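Asker: First the structure, then my questions, so here it is.
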Amino acid sequence: MRAPGKLYGLWAKPLLLVLSSAALVACAGSPEPSGPIELTFWHGADPPPNRVVLDKLVERFNFQHPDIRVRAIYAGQQDQQIPKILAAVIGGSPPDLLWYNATLTGQLVKADAVVPLDGYLQKENLLERVYPNLIPATRYRGKTWSLPFDTNNLAVFYNKKIFAKAGVQTFPTTWAEFLSLAERLTVDRNGDGRPERHGLRLPLGKGEWTVFNWLPFFWQAGGELLVGGQPQIDSPAGVRALTYWQSLLVRSAASLSQPEQGYMFDDFFAGRVAMQVSGPWTLGEIGENGMDYGVFPLPRGEVRATAIGGEQLFLMKTTPKREQAGWHFARYILSAEFQSAWATGTGYLPVTPEATRTPAYQTFLQRNPQLKIFLDQLPSGRNRPLDPTYPQISDAIGRAVEQVLLGARTPTAALNAAQREAALIVRTQPGDIDTGP
């Protein structure tokens, strides 16, 4: 399964920049034929085995609904999808259904491209089935725009062999304990100041994967990205969180990944790092590698927090008949049948407690006990803002984190600069800020 952070590279391009691409996707929509209603479903499921799982589940829906036929189309990784999606919207040929992370919500709403779901939910409140802390990712400006398709969050993967050799018997639960353990697991055999093994790997780069990893520490320190629609990046919480990451490097407890490759596990597999933060999509890759590993929760600061990832299902504006058919598929993806099968086939977490109680998923948990860590962390998971300005604000945060990790700026100076940039973004887009659900 592809790490979420790799999926956010291009973000929101101005609509005018993708007008020239509209012709490339004009075939996404077509006149409604007689017989079953055919719906296009764009997704970015990866790696390829996940697409096989999804295709089978879509075919199961088609079999159960002979008057509707959903055609699943792999649209590429999410950074590749943005131009296609916007061009399709502008060209009047959007897909009927879209699988994408929640951070696209504000842009889709701004483009008047997505169907609000509140009318459907008044008749059948499917969100009652969903974990409560996943619901904020569905809501923007007082309306519901998507349904959770799958979810994940971040925890700490560790090398059991290294832990056993170092005599580690308990897991760190605080920032101080986590730093101390990372120092303890760092090894510089020849004393040249360049450790052969570091306790922890930190992601280098200004992309979303870096921000996705840093935000839990920001939230744990009591931070809020937007308060009353105004950015709070350089708050005391921001400085504490970034200073903590800096201290991991200064004390040689952590090493940096290659630029924009913080999701890669090569050094973890090679034993050059003992711990690395990632999500449940990594379980399959590590299992194939044959490494003896474990997972423990992120250490806590003032409060406990982790970052929630995963995708949403959007019902795109087409025609009333097609939208109604799309709603039937939306209902299907929240069924225990779908959620259990998708989760056991891919490693994603189910979005409903009901799906976790199915015999199939309980058996899957017994075979993959590490997943329980991620399930237990769900109540402390936080969502990134859905506002259309978030991608630009995230870019500013990513640059600040990168500057500090490279030693170019202090945490205070870097975050002050990011705050000024974010405040300018907010002022120049006064109608776009979401002040709450």
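Asker: Being polar (S, T, N, Q), at pLDDT 95 or above and closer than 18 Å to Asn133 by Cβ narrows it down to one residue among Thr318, Thr352, Thr363; which is it?
Answerer: On inspection, the qualifying residue turns out to be Thr352.
Asker: A follow-up question, please. Which one is surrounded by the most Cβ atoms within 10 Å (Cβ to Cβ), of the residues in segment 118-148 that are assigned to a strand (DSSP E or B) and of a type in the set (D, E, K, R)?
Answerer: Of everything passing the filter in segment 118-148, Arg139 is surrounded by the most Cβ atoms within 10 Å (Cβ to Cβ).
Asker: From Ile433, Ile425, Ile397, grab the single residue that is part of a helix (DSSP H, G or I), on the phi < 0 side of the Ramachandran plot, open to solvent by less than 30 Å² (accessible area, probe 1.4 Å) and at pLDDT below 95.
Answerer: The conditions single out Ile425.
Asker: Pick out the one residue from Arg240, Arg201 that is more than 30 Å from Leu98 (Cβ to Cβ), open to solvent by 10 Å² or more (accessible area, probe 1.4 Å) and in a helix (DSSP H, G or I).
Answerer: Only one candidate passes the filter, namely Arg240.
Asker: Right, next: Consider only pairs whose beta carbons are under 6 Å apart and that are at least six residues apart or on different chains; among these, list those whose first residue lies in segment 106-117 and is closer than 18 Å to Trp327 by Cβ and open to solvent by less than 40 Å² (accessible area, probe 1.4 Å) and whose second residue is of a type in the set (A, V, I, L, M) and in a helix (DSSP H, G or I).
Answerer: Going by the 6 Å Cβ cut-off, the qualifying pairs are Ala113/Val89; Val114/Leu108.
Asker: Among the residues that make up segment 66-82, is at least one of them in a helix (DSSP H, G or I), more than 19 Å from the chain's Cα centre (by Cα) and at pLDDT below 95?
Answerer: No.
Asker: Going by the structure shown, is Asp118 more than 20 Å from Pro350 (Cβ to Cβ) and among the acidic types (Asp, Glu)?
Answerer: yes
Asker: Only residues that are in contact (Cβ under 8 Å) with a residue 12 or more places away in the chain, assigned to a helix (DSSP H, G or I) and of a type outside the set (A, V, I, L, M, F, W, C): list them for segment 152-192, please.
Answerer: Within segment 152-192, Lys160, Lys161, Glu177, Glu183, Arg184 qualify.
Asker: Mind checking which pairs have a first residue in segment 246-259 that is open to solvent by 20 Å² or more (accessible area, probe 1.4 Å) and a second that is in a strand (DSSP E or B), Cβ under 6 Å, 6 or more apart or different chains?
Answerer: Qualifying pairs under 6 Å: Leu256/Leu202.
Asker: Name every residue in segment 335-379 that is more than 20 Å from Gln312 (Cβ to Cβ), of a type in the set (Ser, Thr, Tyr) and within 20 Å of the chain's Cα centre (by Cα), in order of residue number.
Answerer: Thr344
Asker: Could you look through segment 325-336, keep only residues that are surrounded by fewer than 17 Cβ atoms within 10 Å (Cβ to Cβ) and in contact (Cβ under 8 Å) with a residue 60 or more places away in the chain, and pick out the one that is nearest to Glu285 (Cα to Cα)?
Answerer: Arg331
Asker: Only residues that are of a type in the set (S, T, N, Q) and either free of Cβ contacts under 8 Å to residues at least 40 places away in the same chain or touching a Leu at 6+ places or on another chain (Cβ under 7 Å) (or both): list them for segment 382-414, please.
Answerer: Scanning segment 382-414 gives Gln403, Thr410.
Asker: Next question. So in segment 71-100, with the set limited to residues that are free of Cβ contacts under 8 Å to residues at least 60 places away in the same chain, touching a Ser or Thr at 6+ places or on another chain (Cβ under 9 Å) and of a type outside the set (Lys, Arg), which one is surrounded by the fewest Cβ atoms within 10 Å (Cβ to Cβ)?
Answerer: The qualifying residue surrounded by the fewest Cβ atoms within 10 Å (Cβ to Cβ) is Ile73.
The values are calculated or read from the model by the stated rules, or taken from the named source; none is laboratory data. Please read all numbers here as calculations on a predicted model, not as lab measurements. Heads up, the Cβs are rebuilt from the backbone with ideal geometry, glycines too, and the neighbour counts pull from every protein chain shown. Heads up: the accessible areas ignore ligands, DNA and RNA and are worked out on the full protein's heavy atoms, side chains in. Shrake-Rupley method; radii C 1.70, N 1.55, O 1.52, S 1.80 Å.
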